[in-house]
Every structure is written in C-alpha cells, then in structure tokens.
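The values are calculated or read from the model by the stated rules, or taken from the named source; none is laboratory data. Just so it is clear, the model here is predicted, and its values are computed rather than measured. When we count neighbours, we look across all protein chains shown, and the Cβ atoms used for this are built from the backbone with ideal geometry, even at glycine.
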Amino acid sequence: MHKTSAWPLAGIYAVLIIYASLYPFDQWRDQDLVPWAFLTHPWTRYWSGFDVVSNLLGYAPLGFWLTLGALRSGVRRGGVFYGVVTAAGLSFLLESLQSYLPMRVPSLMDFSLNVAGAISGACAAHVLERLGWLDRWSRFRARWFMPDARLSLVALFLWPFALLFPSGVPFGLGQVLERVEETLGGWLKGTPFLEWLPLRPVELQPLLPGAELLCVMLGLLSPCLLGSSIIRERSQRLVAVLVVVVVGVSATALSAALSFGPRHAWVWLDLPTLLGMLLGLGLAGVLSLLSARACLVLLLCVLLLHLAILNQAPANAYLAQTLQSWEQGRFIRFHGVAQWLGWLWPYAVLMAALTRAARADARA
C-alpha cells in the first residue's frame, strides 16, 4: 500500500464535477417526477459536439484517479470496477439532482457518455498498472520527491489548469479582494452588519508596470519554490524549474488562444511580463540551491507578498467582456471551474505550506 496523490486529485476533481453539473445552484423546484425519470426518456434529439466531448472526457479523469487510487492502495482486483461504479454513481446522483434545476436538463445520453468516459479512464489506469508504469512512477517519486510531498504534488499538477482562465496579470492567481467585497456587500445588504465591512479610503487602482513586473515574477516563482521544497537533489530542482516555466508559459498561451483567438496567443507577453518572467526564472534557479526548508519558508513569504500586491488592483472589466465574445472560451470557462482554480490555488498552497512547516517543527 502507498500514500498516493490519486485520492486528493479524485476528490478535487469530483468537487469540480459537482460544481459544473449543478451550476448555477438556484431556483430549485419540484416537477412531481421521480429524480431518475431521465433513464426512461428517449435519446436526446438536439445535442452539440461540445456536449458530447465535455460529457465523455469530463468523467475520464475521475475514473482514472479513482481506479489509480484503488490500485495504489492495494486493491489489485476490482480496481476498475470500483472506479467505474463510483463515477457512475456520482453521475447518476448529479443527473437526478439536475431534474430540480430549471437551467439544467438531465438526459440518458449525458449519463451514458459520463459512464463511458469513466470506463475509458479506469481502463487507462488498469493498462498503465499492467505495463508497470505505476511502479516506475513510484520509483521515480521516491528518487525525486520527499515522503510528505503528496499535497504539494497535487498543487503543482493543478497549477497549469488554474492558469487556463485568463487573469489581468499573467500568472496572477488569487485576485479575489474586490469580488469578496462585492459578494459580502450583496449578502449583507439591508442588514446592520453591512456597516461592519471595512471601507477603503480610495478605489483600487490598476497596477503600474513595475508592480505588474513584480507580480509576474512572484507568480512564476511560487510554483518553482513549491517544487524546490519537495524535491530532494539540487540538480533535480533546476530541471523542475525549467519544466515549471515551460508548462506555465504554454498554459498561458493556450488560455489566450482559446479566449481571444489563435492570433492573440502571445498578446500577453509585453515588456513587464517578459522581464518579470526572466527575473523569476533566474531567481528560482538561484533559490533552488537552498535547503528544502528554506524554500518552504520563502514560498510562504512570496505567496503573501504576491497576494498583497495583486489584490490592490481591480478586476479587469475589459477582460471579462472580451471572454464573452469568443466562443471557444467555453472550454476554459465551463461554468467558471477554471476561474475557481485560479482564485483558490495560492490560498490552498499557502495552507498546505503552513501545514508542512508545522509538521516539520513538530518533528524537530
């Protein structure tokens, strides 16, 4: 049995599926039908290619991670069955709940495609296990990463997906202050608690080029330090820094291409961004030579500084308007799932880093 990252990844992905399936979570009503009535409905006559792909591929990672978690936990027989049945049960539950939402339409086609996607993901995990790739990954992980790296590996895996929703500043994840204030103001409107909200003396102002450069540098430095804090050898950390930068740049370019059109894939690469990336890459390479504990402490400082600077700027209204005009942006928006990852990623990493630091102090 192994401590595997598959279970946290499966849990996070299940939460994302629940959010995407039940969005927008309002106007619930009872139609006097049993929730599973969709199983007896005829096949959907009107559908699009996006619906087929999203339902088929949407459940493939869930089936993969559930089966992989079972296999890595010692369930050699029945791992595929466990992954498929669990994913199918979740799909059945969500399709049943959609019958209470006016904005969602449950269908046998969606449920069938979800199950087919889960089967493909589960079979892929089983094939990888039979080919010995899981054992190779275990040996690679033991050779490269520290024993308590599970949650940090999950965070590193999710980082490029968090970048898929365009932000006002490249690599600027966690810009939530203005949205939190607006949300709390809406919830507390008409109550005496509205006066408890702190008022800013001045409105949020756009970042100056120097502050934007600093945000880009810190945003790129965060995953690099996260990786350096869990990788054993310093030479391995230098390789990881290069991989992180390449993946981050590729994810940002893909995000821009899907949001604004392929011709604008590199529109975000202006002078402050380019300088910030070069500084972040050089600083990440130098800091990777420090001890893992020093990298963990620096990660906490970088995250706090990055969030403090980034949340002094308002959300980009022009960016939000532009995202609505490009049809392919549905891939990365998908009911805002990618945006939620972009909002929460740095705060989740901050909590994970604090937990690791506390455990290290306890062991010491």
Only one of Leu213, Leu225 is in contact with a Cys (Cβ under 6 Å, 6 or more places away or on another chain), part of a helix (DSSP H, G or I), not assigned by TED's automatic domain parsing to the domain that holds Phe140 and not charged (D, E, K, R), namely Leu225
* Asked: Regarding Ala357, is this residue modelled with pLDDT under 85, touching a helix residue (DSSP H, G or I) at 6+ places or on another chain (Cβ under 8 Å) and under 27 Å from Val297 (Cα atoms)?
  -> yes
Selection status of Gly276, surrounded by 20 or more Cβ atoms within 10 Å (Cβ to Cβ), closer than 24 Å to Leu208 by Cβ and either of a type in the set (Lys, Arg) or touching an Asp or Glu at 6+ places or on another chain (Cβ under 8 Å) (or both)
yes
Among the residues of the stretch 269-305, the number that are over 21 Å from Ala256 (Cβ atoms) and not hydroxyl-bearing (Ser, Thr, Tyr) is 23
When the stretch 307-317 is checked residue by residue, the ones that are touching a helix residue (DSSP H, G or I) at 6+ places or on another chain (Cβ under 9 Å), over 14 Å from Ser167 (Cα atoms) and in a helix (DSSP H, G or I) are Ile309
- request: With the condition kept exactly as written, say whether any residue in the stretch 175-188 is surrounded by 14 or more Cβ atoms within 10 Å (Cβ to Cβ) and assigned to a loop (DSSP other than H, G, I, E, B).
  value: yes
Among the residues that make up the stretch 245-252, is at least one of them in a loop (DSSP other than H, G, I, E, B) and touching a residue at least 12 places away in the same chain (Cβ under 8 Å)?
no
Within the stretch 127-147, the count of residues that are crowded, with 17+ Cβ neighbours inside 10 Å, of a type outside the set (A, V, I, L, M, F, W, C) and touching a residue at least 24 places away in the same chain (Cβ under 8 Å) comes to 1
